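> The structure that follows is given in the form of structure tokens.
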Amino acid sequence: PDPTYFGWGGDEHTWVRRVSEVGGAAVPADWSRNLSVLEHVPAALPERPHQRVPSVHKGERVVAFVMSDGDNIQWMGGGFATDRGFWASPHRGSFNMTWEIAPLLAEVAPRALAYFYGTASNGDAVDDFVTGPSGIGYAFHNYLPDRVAFAQRTADAMRESDLTIATMLNSGGDMSQCVELLERPEIDGVLYKDYAPYNAREGQIFWHEGKPCVAYRYLLWEPKRANSPEGVAEAISALPADPRNDPDSYALINVHAWSFKEMGGPMEAVRRTIELLPRDTRVVTAEVFIGLLREHFGGAGG
């Protein structure tokens with residue numbers, strides 16, 4: 001029961017669906033090196049960076065940028081750390097940025113997770129972390145035979161990796177299938193993607209017991225102009241600007257990890273988008289984003 005599959009298998013959707021149907025979690029790891037060694041190399045996990053939830057006011061819009069594909073431990077243990085488009089970006093630390101990361105690293109490569117937490121920006125701008133899809137590993141919750149068991153495994157892994165926000169990538173289901181995650185005390189909120197496109201629900205929020213499951217509103221993803229820095233900035237400028245009273249003043253933006261190579265990588269795309277944003281747009285971490293929603297809308301919504 002509840003198997004974990006390390007590797008990859010043929011067509012992405014077909015493979016992940018089959019893994020999900022038996023209650024499993026898929027972990028992209030076919031190019032991982034020395035996991036059997038890394039699992040046994042001890043590492044003290046530093047506390048990851050945190051920010052206090054700020055006050056917001058009328059006239060502001062609130063956005064959070066989240067880098068995709070954090071379920072991919074072969075990438076996390078390889079080029080991710082040294083590529084200037086990702087963790088080695090010279091822009092890291094100049095704006096709040098959220099990174100998907102695999103909570104399973106706390107078990108299979110604790111030294112790698114400790115490195116990311118220990119080198120994260122922590123000050124006026126913070127590197128924040130959420131789980132990769134869809135919790136402990138890649139699965140479609142619509143096909144899981146026991147979402148309670150999957151949520152339990154996810155919560156256990158999140159506790160070990162000091163994470164409080166889960167990512168859910170679903171296929172063919174709906175946002176209510178996050179309830180089992182939201183019912184876990186370890187989980188403060190869920191970031192929701194549909195398999196294609198990730199932002200199919202355009203920022204919709206599902207509430208359960210005062211906790212939000214928030215769908216991505218925009219994508220930074222080549223080649224469509226709507227998903228470019230210019231297109232995303234223009235769309236944000238048309239949003240309401242009343243974050244205390246209107247949840248449509250908030251926008252989650254998925255940053256596609258494999259786009260914008262010619263530009264210098266996805267972190268450069270984020271920087272350019274931020275430069276184009278209208279005045280009084282507040283760029284926050286996912287943890288702060290969820291905290292603001294809970295503070296201002298959690299009572300009425302849940």
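The values are calculated or read from the model by the stated rules, or taken from the named source; none is laboratory data. It should be emphasised that the depicted structure is a prediction, and the values quoted were computed from it without experimental measurement. Glycine also receives a Cβ, built like all others from the backbone with ideal geometry; neighbour counts cover every protein chain displayed. These accessible areas exclude ligands, DNA and RNA; they are computed on the full protein's heavy atoms, side chains included. Shrake-Rupley method; radii C 1.70, N 1.55, O 1.52, S 1.80 Å.
> Using the Kyte-Doolittle scale, which helices in the chain average at least -1.0 and also have C-alpha atoms spread 18 Å or more along the helix axis, with helices defined as whole DSSP H runs?
Values: long enough: 147-160 (20 Å, -0.61); 286-301 (21 Å, 0.58).
Taking the DSSP H segments of the chain (at least 18 Å long, mean hydropathy at least -1.0), we get 147-160, 286-301.
> Using square roots of five times the C-alpha gyration tensor eigenvalues, list the equivalent-ellipsoid semi-axes of segment 153-271 in whole Å, biggest first.
Working: eigenvalues 137, 66, 36 Å².
Semi-axes (√(5λ), whole Å): 26, 18, 13.
> A further question follows. May I ask for the distance between the Cα centers of segment 79-116 and segment 225-302, given as a whole number of Å?
Each part's Cα centre sits 20 Å from the other's.
> Hey, another quick one. Once you put a point 7 Å from the Cα of Asp83 and another 7 Å from the Cα of Ser121, both along the Cβ direction, what distance in nm separates them?
Result: 1.9 nm between the two label points.
> Moving on. Positive end of the charge dipole of segment 42-106 (Lys, Arg +1 and Asp, Glu -1 on Cβ, about the Cα centre): tell me which of Asn72, Asn96, Leu45 has its Cα farthest that way.
Of the options given, the answer is Asn96.
> Turning to a different aspect of this structure: Quote the charge dipole size of segment 31-166 about the Cα centre in Debye, to the nearest 20; the model charges only the Cβ of Lys and Arg (+1) and of Asp and Glu (-1).
220
> Of Gln152, Tyr192, His13, whose Cα points farthest to the positive end of the dipole of the chain (charges on the beta-carbon: +1 Lys, Arg; -1 Asp, Glu; origin at the Cα centre)?
Checking the options against the dipole of the chain, the answer is Tyr192.
> Roughly speaking, what is the stretch gain from Arg52 to Arg33, that is 0.36 nm per residue apart minus the C-alpha to C-alpha distance, in nm to one decimal? All intermediate terms of the calculation are to be shown ahead of the outcome.
Details: separation 19, 0.36 × 19 = 6.84 nm, distance 3.74 nm.
My answer for the length gained is 3.1 nm.
> What lysines sit close enough to Lys224 to cross-link, taking a C-alpha to C-alpha distance under 27 Å and skipping anything fewer than 8 places away on the same chain?
Within reach: Lys193, Lys261.
> Right, here's the next one. Place a +1 charge on the Cβ of each Lys and Arg in the chain and a -1 charge on the Cβ of each Asp and Glu, then give the dipole magnitude about the Cα centre in debye, rounded to the nearest 20. All intermediate terms of the calculation are to be shown ahead of the outcome.
On the way: 27 positive and 40 negative charges, 94 e Å.
Value, rounded to 20: 440 debye.
> Got the relative contact order for the chain handy, in percent, Cα pairs under 8 Å and 6 or more residues apart?
Computed over the chain, the figure is 22 percent.
> Per the 1.4 Å probe, what fraction of the accessible area of segment 8-48, in percent, lies on carbon and sulfur atoms?
That share works out to 51 percent.
> Going by a ≥ b ≥ c, the root eigenvalues of the Cα gyration tensor, does segment 156-201 fall in the rounded group (a/c under 1.5), the prolate group (a/b larger than b/c) or the oblate group?
Judged from the Cα gyration tensor, segment 156-201 comes out prolate (a/c at least 1.5, a/b above b/c).
> Which one of Gly291, His256, Leu276 has its Cα pushed farthest toward the positive end of the charge dipole of segment 220-302, where Lys and Arg give +1 and Asp and Glu give -1 at the Cβ?
Farthest towards the positive end: His256.
> Using a 1.4 Å probe, what is the accessible area per residue for the chain, in Å²?
Heavy-atom SASA per residue in the chain reads 41 Å².
> Taking the Cβ of Ala269 as the centre, find all other residues whose Cβ is under 12 Å away and add up their charges (Lys, Arg: +1; Asp, Glu: -1).
Around Ala269, the surrounding residues sum to -2.
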